[in-house]
Amino acid sequence: MPCRPAHPPGRPLRRLRAGHRPPRRLARLKRILAGAPDGLDCASSITLGGLVKHLAFVEEFKFSTMLHGRAPSAPWNAVDWDADIDWPWHSAARDSPEDLYRLWHDAVIRSRSAVAQVLADGGLGRRIAYVHDSSEEPLSLRRLLVDMIEEYARHVGHADLIRETVDGLVGEDPPGQPYPCPPLAV
């Protein structure tokens, strides 16, 4: 069954009122979970390092390439994506935790700057530079941010499950400084 976009690109999100159906995005996520394949006890190749490196790439791709139309920076510009589309996931095993967090931290700093530029020049409704298919209308910054929230929600859930299997810790507030970079201002 073809899946409709969770939210039309040009329309602002409306407030939910009591008694209304959940947003299509939430319904879509529930369909994805319900459609999980048989053999749910299979092993996964997802690692915490792979998640961090993947999210660093997504930050770069969404807010530099898609939002502004810029070419990817290092290390992403040296990857042969046609030969290895999962490079961030498995190459993370060769990186130290400090290097992975620094890569992600720096990508987040650049992303915040890129979003601030667009907010100052057109706001949330401004269309992004990247269009996958010429027949599509470019997404708005609003839609791009909603997509990023969904990306982080998905992967933070993965990270929480992995973390629990490693050391039993769960939840939103890990003890101590969570990574070796200065905390990001909210």
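Values in this text are rule-based calculations from the coordinates and carry no lab data. All values derive from a computational prediction rather than experimental measurement. Backbone-built Cβ (ideal geometry, glycine too); neighbour counts: all protein chains shown.
Residues of the range 105-120 with the amide nitrogen closer than 19 Å to a label point 7 Å from the Cα of residue 78, along Cα-to-Cβ, please.
Of the residues in the range 105-120, 105-107 have backbone N under 19 Å from the label point off residue 78.
What size of dipole, in debye to the nearest 20, comes out for the range 45-167 about its Cα centre when the only charges are +1 on Lys and Arg C-beta atoms and -1 on Asp and Glu C-beta atoms?
Once rounded to the nearest 20, the dipole reads 500 debye.
Which whole-number percentage describes the relative contact order of the range 45-167, with Cα contacts under 8 Å and a sequence gap of 6 or more?
34
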